[in-house]
Amino acid sequence: MKSMRIGLDLAKNVFEVFAVDQDEKVLLRKTIKRSKVLEFFIQQEPC
């Protein structure tokens, strides 16, 4: 299912990422290192 919204909780070294669909169902909840954030978003489809 396609993500409708992606949230990003900023911190010093790791970020918490979550994505929800149009029904507000959580599709993704993940911790990502700062160095991998750009790589993560490059791989995502546009919301």
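Details
- Verdict on PHE40 being at negative phi and in contact with a helix residue (DSSP H, G or I) (Cβ under 6 Å, 6 or more places away or on another chain): no
- Checking each residue in segment 21-32 for being in a loop (DSSP other than H, G, I, E, B) and either surrounded by 10 or more Cβ atoms within 10 Å (Cβ to Cβ) or polar (S, T, N, Q) (or both) picks out ASP21, GLN22, LYS25.
- Every pair of residues 6+ apart whose Cβ atoms lie under 9 Å, when the first sits in segment 33-47 and is without any contact (Cβ under 8 Å) to a residue 24 or more places away in the chain and under 11 Å from ILE6 (Cβ atoms) while the second is surrounded by 11 or more Cβ atoms within 10 Å (Cβ to Cβ) and of a type in the set (Phe, Trp, Tyr): PHE40/PHE15
- Across segment 1-20, the qualifying residues are those that are assigned to a loop (DSSP other than H, G, I, E, B) and surrounded by 14 or more Cβ atoms within 10 Å (Cβ to Cβ), and the one among them that is modelled with the highest pLDDT is MET4.
- Taken together, the residues in segment 33-47 that are under 9 Å from the mean Cα position of the chain (by Cα) and not in a helix (DSSP H, G or I) amount to 1.
The values are calculated or read from the model by the stated rules, or taken from the named source; none is laboratory data. Everything quoted here is computed from the prediction, not taken from an experiment. Virtual Cβ from ideal backbone geometry, glycine too; neighbours counted across all protein chains shown.
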